[in-house]
Amino acid sequence: MLVVEQLCKSFTTAQGTLPVLQGVDLRLARGSSLALMGESGSGKSTLLHLLAGLDRADSGRILIDDEPLDGRSEAALARWRRQGIGLVFQQYNLISSLDVAANLAFQARLAGRFEARWQDYLTRQLGLADLLQRYPEQLSGGQQQRVAIGRALAARPALLLADEPTGSLDEASSDQVLELMLQLVAEAGSSVLMVTHSQRLALRLEQRCLLQDGRVQDGAGR
Amino acid sequence: MSALLLTMQALLSHWRRHRVQGLSIITGLWLATALWTGVQALNSQARNDYARASAVVAGPAHAQLVAPGAQRFDQALYLQLRQLGWAVSPVVEGRLRFAAEQPLSVRLIGIEPLSLPPATNIAGIAAQDFDLQAFIGTPGQAWVGPDTLQQLGVKPGEQAVTSDGQVLPTLVLTPQLAPGIVIVDIGHAQALLHAEGQLSRLLLTDDSKPLPDAIAARLERQPGEDDTGLQRLTESFHLNLSALGLLAFVVGLFIAHAAIGLALEQRRGLIRTLRACGISLGTALSGLALELGVFALLGGLLGVATGYLLAAALLPDFAASLRGLYGASVAGHLTLSAEWWLIGVAVSVLGALLAGASSVLRAARLPLLALAQPQAWRLAQGPWLRRQAWLAGLLLLLALACYLWGNSLPTAFTLLAALLLASALLLPSVLDALLGGLARRCREPLTQWFVADSRQQLPAVSLALMALLLALAASVGVGSMTEGFRRTFTGWLDQRLAADLYVTPRDTAQALQVRDWLATQSAISTLLPSWRVELTLQGWPVQVQGIIDDPGYRSRWPLLELRAQAWEQLAGGTAVMLSEQLARRLGVQLGDRLQVLPAPAPGMTVVGLYADYGNPKGHVLVNADWLRRQRADAALSGISVNLPAEGIAPLKHELQARFALDDSRVVEQSTLKRWSTDVFSRTFAATAALNSLTLGVAGIALFISLLSLGQQRLGQLAPLWALGVRRGQLAWLSLGQTLMLSSLTVLLAIPLGVLLAWCLVAVVNVQAFGWRLPLYLFPRQLLQLALLGVLTSLLASAWPLWQLARRQPAELLRQFADET
Amino acid sequence: MKPEAWLLIALALLAGCDPPQPPAKSYAGLGQEAGAFNPVTRNHALVFPRDHAAHNGFRIEWWYVTANLRDSQGREWGAQWTLFRSALRAGPETLGWDSPNLWMGHAALTGPGGHQSGETLARGGIGQAGVQAQPFRAWINDWSLQGSDDIGQLQMSAGGQGFAYRLMLHSSGPLVLHGDQGYSEKSGKGQASYYYSQPFYQVTGEVEHDGQRVAVTGKAWLDREWSSQPLAAGQSGWDWFSLHLDSGAKVMLFRVREDAGPPYRAGTWISATGETQVLSGEQIQLQALAWTTQQNGKQVPTRWRVQLPAQGLDVQVEALEPQAWMNTRFPYWEGPVRISGSVGGRGYLEMTGY
């Protein structure tokens, strides 16, 4: 469902142009999962941002179900984010002014795909049932990340994009959260692309690829 | 030292990235200082001029001898005292009128340079340094200040001519002389005032001896200066202005406080790092204090300079209204001492301290090892709101106490201040509660977020909203009072100024001739002469007006309260009517007995009270015949005449030609009304200007809060954007939030403003001027002000939001990862 | 006698004691107006009691009494009473504040406790000060000098901060006309005044010093002088003596110091019975012997040698109180003196321009 071809992206910095992605090729089938690995600064997050339509590539193509993502309008990209994907970041990025319940339901409601049963199920599975009235700042890091995962999956997105989702957690809770996420992704029927630099975590996913020097080095993605 | 330098370097680097914040602090202090010092400049210029006016004849001798009721007395008393060895110096005073561009009345002071107490100086010239030959000789000298000279439209060395055709001695420019005063030798003064052999007061050098009996029977010792009257009369006016200045000051400090607090918040990490690197707490705090000092100095200097310009711009109207209202002369240009500039800067430093002290204290308590936690707003907000609500409750109690038991202008202003401050403190709680209520009704995720996020913004913008509330409420309050006063005043003028032509003859002799001649004019339907005596009643200057019994008064003299048969009793010489403010001042009510003239004159019953707006002196209405019987020196001061419209102009010309009266002495009703309303509008021009400036400052406060919120807001908005809300939509939502908050504030400001207006007309006015006005509300005006408030907030939020809408996705992205 | 003194005071009064004002300008100003005032001429007979009163046609005039007194304990006192009239313009006295006359009184009491002085000013025309002939009365505020038409009996009273006196004056000799029948020259250039004295007063009364009253007796000297002319250019000040000699004779001497050249000297020798001899400059020798620094820092001679060879007089004249400084608008030195040498006596010394 997701095809990335010769994707290039560079950033302009004070020191000049910094090429980050120099022709990335990637494929992800529906319902499968892929771990995107690489050193710090290798462009993992940049690739994720491009896939989420948060940024635009310099050249190359991103095809979603054979439809190109680049060239879409700002509004279309926003729609893509709203309805097509779920995003989980390292920094949780919950809406601090809303309580857990509202945060969980936010994207599903926004996308117009709120399902009460699915939502309940998610909440229970994520162990958030007793925390619904709390605000993000009143939660631990693991709890917050679980809310973020719940929010991302509430609308059953076709693709879940996760950027170091467990990067701020200790090893034990990290495994636990990841396990939960993969389980729920499977139940939602979503594909998942997860950025991580942990070999251990990457092994839990179906496919792995390594981003190095702006290119995908491992053939796994192909 | 080098540690401090390094600290400063690290602390100051913050401002390179947060220029707007730095600008906010300076702007806050700048505006606060500017408005406050501007108002103080006006007030101190006026007070200075009163002091100069009273200190025209200043010296170690403060006490003086005057006749009861401030009448003039025979010069023989001076000789008598002198021959008893009393070192007294005679002064005669009066007013001279000039037909300059605007009719002008100056205070003529006649002094006797040889007998002036030693070490006396007159407008900066020592008594022994007088050029006696020139001063007391012929034609002599008339000393005037630069303003008076300009108003007279003459040059030094020329001789001014009064409206009665009298020629003054040669004018000599005396820069230090207070405006509105002319000083001449006593001989010239007596001639100009038609007061040969008469004196107004005697300056006393030795205050310890008891007066000889023969003198004590005729003169009384009056401690202090003559200007206390003027000081007292104008006190309320200046207090009003000071209150406005203070309001502006507070609003300015809100801005500075908010910005300083934010800057500290953002530098918590930095300060912790500095301390971890071995910088002592003392050094870090010194660095912060030093930085605050630099801001204070910059803001102060800017503020004082702006305050000066502001005062200079407002001064003409200010001076004109003081002259019109109180006859107090204030120079048309500012002369401010170095002291004033210093105080201005000191005020700014004090303001910076007030605004920044809490931040520095917080920095002092910052734990060295605590992690930089994200602000737990939800947890912090509750107690914060509760604390403010408590404080507001206490202030409301204070306001209530002031209302119930207060009986002075300071308590009236305390009432106002407590009310305003309490409302400001309550504002976040009220808004929070309103938004909370609203949130429960929201289902839609974006609206839910909209309300919830607005609520979260409250602590950050509440100071600016408080400023908006205060400024707008003050605008509504002052605006309603002013409009209400204008309406009451013009209505009252219409009734009170019922005659077609007002004649003010030069003196009683001429007045009698004018009256007799007018009596022969067949066109005239009513002829009302009025007699006047000026005296002091329980220390208050009072005009006693004697009127004849005419049915016209009954229909046209507007009374606030009266007893049955009031006019009949007045005509019978057994009753008086009082102006509202005098009645309040003396604490008398209808039916009370009042000793208007000193015994043996009989006491009289108070049978009526009337409004006498704009008159700083007390006013008493008595029967003319009674007054003339009691007081031989009662002057026939004015004659008012009614006649058919077509006869007015010819009669005026005839009067002017026949009795050599100028335009200031024969005045048509329309002209008089115009003069009165001119004075009125000028009085409130300065107030209105200050008011709109304060509203502007509130707008700037909002603008700056939103601007400094900008960066913080990004963190709140980025997740929404990532979840698929467009940037444009986010900008609109943000604008909506600001507008919602400011509209709610405006809605709350309106009733508060109305309450304020009520306090002003029913409490402050009564204490300040002695009259109570009906409370008028003007829906159109309220709507205008409400729109102005919303517009202000719209303008204030436009730029920050435009910036937000222009944010590149990259900047939003930075909120998600530190990796590129 | 001290015409120039009073002229200077008049100038000070008129010019407002303004130091920066160049003197030449002031003199010029006076000179222009001098024409309107009555001139002082020789062969003008003085007529009494008329001439005891004010002479309104003249610019300046004074009534001047000095008294040398002694109390029951033998302590010596000196009292001064002066009334000075200065006209702003020529012409008669008028009623009211526009009178041309300004009046100035000086009083001093010198005694064991030191020297105290007072000053008082008044405008003419309103009755605050003036001089009338019949009965004689000169007054300014609460100070007065009044008595018989012929000024043979006078009461004199004045006071100031911490002092007062009330003295009865009784004359035991005739009036004395100085110079040529009262025409007294003041310089070699024609400056002159009308000048007469009554030097023969016996005094009784009391002085009051810091609240203590002391009965005194002694001698007094009255000077009367009026003129219209200003001081000659280059005259800087003068030294004036009125001496009661124990022999019964009296001496009046003065010298007007010139910026350049010897001072102008003149005087009158008055016998015990009132006969006068005019003393010309060359008959008078005055020599300052000792100087005292005054409160304003100026040095003033307070011991003199006075020689009148023709009269066989060679005496030392020494101030009773060397600090008899008159701290008035126009300050000068004036105080009682003790005479010793060929003859003893008491007297008064006045020095200005130091």
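Where a number appears in this text, it was derived from the coordinates with a stated rule and is not lab data. What you are looking at is a predicted structure, and each value in this text was computed from that prediction instead of being measured. Please note: Cβ atoms are built from the backbone with ideal geometry, for glycine as well, and neighbour counts cover all protein chains shown.
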| For segment A:154-222 versus segment B:145-165, the gap between their alpha-carbon centres in whole angstrom | 95
| message | Between B:A601 and A:A14, what is the label-point separation in nm under the 7 Å Cα-to-beta-carbon projection? | response | 8.7
| field | Computed over segment B:56-225: relative contact order in percent, which uses C-alpha pairs under 8 Å that are six or more apart | value | 38
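Just from its helices, what would the mean residue ellipticity at 222 nm be for chain B, if runs of 4 or more DSSP H residues each count -39500 (n - 2.57) and the sum is divided by every residue, rounded to the nearest 500 deg cm²/dmol?
Result for chain B: -20500 deg cm²/dmol, rounded to the nearest 500.
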| request: Would you mind getting me the FRET efficiency between B:A660 and B:L23? Use the beta-carbon distance for r and R0 = 56 Å, nearest 0.05. | output: 0.30
| task | Based on a Kirkwood Rh over C-alpha pairs, give the Stokes-Einstein translational diffusion coefficient of segment B:496-672 at 10 °C and viscosity 1.306 mPa s in µm²/s. | result | 94
| request: Go ahead and estimate [θ] at 222 nm for chain A from helices alone: -39,500 (n - 2.57) per DSSP H run with n ≥ 4, summed, over the residue count, rounded to 500. | output: -9500 deg cm²/dmol
| message | Tell me the relative contact order for chain A as a rounded percent, counting alpha carbon contacts under 8 Å between residues six or more apart. | response | 31
| query | Angle, helix B:445-496 long axis vs. longest principal axis of chain B, Cα atoms, 0 to 90°, nearest 10? | reply | 10
| request: Determine, from the Cβ-Cβ distance of A:E67 and B:R365 and an R0 of 51 Å, the FRET efficiency 1/(1 + (r/R0)^6), rounded to the nearest 0.05. | output: 0.35
| said: Counting only Cα atoms, I'd like the Rg/Rh figure for the protein assembly as shown, Kirkwood definition for Rh. | reply: 1.19
| By how many degrees, 0 to 90 and rounded to 10, does the Cα axis of helix B:409-441 deviate from the longest principal axis of chain B? | 30
| task | For segment A:1-73 and segment B:541-586, compute the distance between their C-alpha centroids and round to whole Å. | result | 94
| said: Nearest 10 degrees is fine. How inclined is helix B:19-54 to the longest principal axis of chain B, computing both from alpha carbons? | reply: 10
| query | Where the centre of each part is set by its Cα atoms, how far does segment B:765-791 sit from segment C:141-162, in angstrom? | reply | 74
| said: Which one, B:A99, C:A192, A:L48, projects farthest toward the positive side of the charge dipole computed for the protein assembly as shown from Cβ point charges (K/R +1, D/E -1)? | reply: A:L48
| Over segment A:2-218, volume per residue of the alpha carbon convex hull, in Å³ | 125
| said: Can you tell me, using C-alpha contacts under 8 Å and at least 6 residues apart, the relative contact order of chain C as a whole percent? | reply: 15
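By per-residue mean of other Cβ atoms within 10 Å, what is the highest-first order of B:534-547, B:617-630? Intermediate results must be reported in sequence, preceding the final value.
Details: B:534-547: 18.1, B:617-630: 20.6.
Descending packing order for the listed peptides: B:617-630, B:534-547.
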| request: Place the peptides A:11-22, C:253-264 in order of packing, highest mean first, counting for every residue the other Cβ atoms within 10 Å and averaging per peptide. | output: C:253-264, A:11-22
| message | Name the residue from C:Y201, C:W240, C:G211 whose Cα lies farthest towards the positive end of the charge dipole of segment C:198-250, charges +1 on Cβ of Lys and Arg and -1 on Cβ of Asp and Glu. | response | C:Y201
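Using the Cβ atoms and a cut-off under 11 Å, what net charge is assigned to the surroundings of A:E115, where Lys and Arg are +1 and Asp and Glu are -1?
Counting the neighbours of A:E115, the net charge comes to +3.
Hey, what number do you get for chain C at 222 nm if only DSSP H runs of n ≥ 4 count, each worth -39500 (n - 2.57), divided across all residues, to the nearest 500? Walk me through the numbers on the way to the answer.
Details: 2 runs with 25 residues, N = 354.
The helix contribution divided over chain C gives -2000 deg cm²/dmol.
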| task | Output the Cα-based Rg and Dmax of segment B:528-588 in Å, rounding Rg to one decimal and Dmax to a whole number. | result | 12.2, 34
| remark: When the charge dipole of the protein assembly as shown is computed with +1 on Lys and Arg Cβ and -1 on Asp and Glu Cβ about the Cα centre, the Cα farthest towards its positive end, among C:Q323, B:S408, B:Y610, belongs to B:S408
| request: Could you work out, residue by residue across B:112-121, how many beta carbons of other chains sit within 10 Å of that residue's beta carbon, and then give the average as an integer? | output: 3
| said: Taking beta carbons within 10 Å but only from partner chains, what does the mean come to for residues B:123-129? | reply: 2
| task | Over the whole of B:82-88, what's the average partner chain Cβ count within 10 Å per residue? Rounded to a whole number, please. | result | 5
| said: For chain B, I need the span (max minus min coordinate) of the C-alpha atoms along each principal axis, in Å, sorted largest to smallest. | reply: 101, 62, 46
| said: I need the peptides B:212-218, A:41-47 ranked by packing, meaning the mean over residues of other C-beta atoms within 10 angstrom, with the highest value on top. | reply: A:41-47, B:212-218
| To the nearest 0.05, what FRET efficiency results for B:Q781 and B:T273 with a Förster distance of 56 Å applied to their C-beta separation? | 0.55
